[in-house]
Each structure stands twice: as C-alpha cells, then as structure tokens.
Amino acid sequence: QMCYPFEMLQPPRLTAAAAADTFYRLSHAAPDAWPCWSYSNHDVERHPTRWKLSAEATRVYTTMLMCFRGSVCLYQGEELGLPEAEVAFEDLQDPYGIEFWPEYKGRDGCRTPIAWDGSAPNGGFSEGKPWLPVSPKHLPRAVAEQEADPEAILHHYRRAIALRHDHPVLATGEHDGVHSRGDVVHFVRFDANETIFCAFNLGEESAEVPLPEGAWAPIGTDLGTVTKAENGLIHLGPWQCCLALRRPAD
C-alpha cells in the first residue's frame, strides 16, 4: 500500500525547488501516505546518465535519498554508480527498443547485468551468455574493484544506508516540510528521541543555509558532512551536505 511517486524518475534533474514542490504536493494530496522514493528503476535511464551527474553529485543525491521520509528503493547497479549501458540493436531484448530503434532505444540500457569481477568473463555475472551483455564500460566499476577501493561509491552507499539504520528518525520521523533555498534542499527530521537537521547543496556553486537555533553535533562525517556555522549560517561547497544532531539541553 505504498505510494510510489514518479517525480524523481523523470529526465529533468531533481533540483532543490523540484524536491520541495514534490513533498509539498504530496503533503496536500495525501498527507497520510507512506511514500517509496527511488531515482532509478528498470523502466528509466539510469539517473547518473539521465541527470548528467558527476561522482560528487551522485554521492550527495544518494545521501539525500537516505534522509527522506518513507521507504527507499535502490535499483540494481545503482550502488556501483553505473551509467546507462549502450546496447547494440542485435542484442536488444526490449520489444519497444526493437520496434522504435533508433529514435527510442528501449529500456535495455538500464537492465544489463551488473559486473562482479572486471577480469572475469561476462564480468563474473554468468559463465553462460547472459540475457543482455555486460557493458565494457561497467567493468572498472565491478564489485571486486570497488571493494578494494575505500573511496568507491559502493562504500558511500553502505555508509549512507548505515546512517539511516543508526538514526531511524530519518526513515520514520516527521519533518518540518522540505524546503529549498537556491540550490539547497533543507529540512529537519524529528521524533521523540532525535532531531536531525539536513541540508544538501545540489549545485556547482557554494551556498549557505541558516542553521536552526540550538546546539548541534555533526553526524555522517564519513559522508562529507559540513557543520561549521558562521553567524548562524552553514556554508556548503558544491555538492556538499550538512547533517547535524541536536544536542539535548543541559
């Protein structure tokens, strides 16, 4: 019985204003709905390609997704930062791609198998011929290669998921509305146990956002969070976030 909004699956990049508008409309149309958020699925171009995201941008969008109220759906290969695969016409399986090629190449570019080992046949996915070919451009992003690289996006996804598990308020708590300030998305998540301030700069320029009153401690420092405030403002570099937990009153 979950609500599955499509707003974050669209070709236009999810801007700060679009994120705020999505939550505003949801709160008015179905205030008691339990949403399920996703950036990619089996029917749309993978979001790093669809939104033309850099590695830094992909990471901050991932962290933001884990801070939204509701359930989160991650599509296979998303945790490896896979771009859309190029699939030759003779390898297509999607009837729509076959019918409307080349104007529309279908959905197979997001449906190719993920690579487990970049040095193995078929990327380690299968010893036999898979239903769709493994993209050669995906091999450097194979699981084995990313496991060995502490800076790989696979580990960023794990840290972001761990943050959500460590702070259930991020999944099930309330929020004060989702707001935009230029390229920055910001909101406060709260329940009976915790209050967390979240801000995400979704732009190429530095930005600032007011920090709510109170004493705050940084969380998610392994996700690149920034919490230093000057004159009540958090200064965010391009594609940076702020995650802060309100300290209890003395």
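Points worth noting:
- Selection over the range 34-64 of residues that are without any contact (Cβ under 8 Å) to a residue 60 or more places away in the chain and either of a type in the set (Lys, Arg) or in contact with a His (Cβ under 8 Å, 6 or more places away or on another chain) (or both) gives a count of 4.
- Single unsatisfied condition, residue 206 versus (1) surrounded by fewer than 13 Cβ atoms within 10 Å (Cβ to Cβ); (2) within 20 Å of the chain's Cα centre (by Cα); (3) hydroxyl-bearing (Ser, Thr, Tyr): (2)
- Among the residues of the range 108-135, those identified as assigned to a loop (DSSP other than H, G, I, E, B) and hydrophobic (A, V, I, L, M, F, W, C) are 114, 115, 116, 120, 125, 131, 132, 134.
- Subset of the range 42-81 (residues that are of a type outside the set (S, T, N, Q) and within 17 Å of residue 222 (Cα to Cα)): 55, 56, 57, 59, 60, 61, 64, 65, 66, 67, 79
- Selection of first residues in the range 166-177 that are assigned to a strand (DSSP E or B) and of second residues that are crowded, with 19+ Cβ neighbours inside 10 Å, restricted to Cβ pairs under 6 Å at least 6 apart or on distinct chains, gives the following pairs, ordered by first then second residue: 175/69; 175/187; 175/189.
A quick yes/no check of all residues on (1) over 18 Å from residue 202 (Cα atoms); (2) at pLDDT 95 or above; (3) crowded, with 18+ Cβ neighbours inside 10 Å:
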{"site": "15", "(1), (2), (3)": "no, yes, no"}
{"site": "32", "(1), (2), (3)": "yes, no, no"}
{"site": "72", "(1), (2), (3)": "yes, yes, yes"}
{"site": "83", "(1), (2), (3)": "yes, yes, yes"}
{"site": "108", "(1), (2), (3)": "yes, yes, yes"}
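- Looking across the range 93-110, the residues that are within 28 Å of the chain's Cα centre (by Cα), of a type outside the set (Phe, Trp, Tyr) and over 21 Å from residue 145 (Cα atoms) come down to 93, 94, 97, 105, 106, 107, 108, 109.
The values are calculated or read from the model by the stated rules, or taken from the named source; none is laboratory data. Predicted model, so just to flag it, every value in this text is computed and none were measured. Positions of Cβ are backbone-derived with ideal geometry, glycine not excepted, and every protein chain shown enters the neighbour counts.
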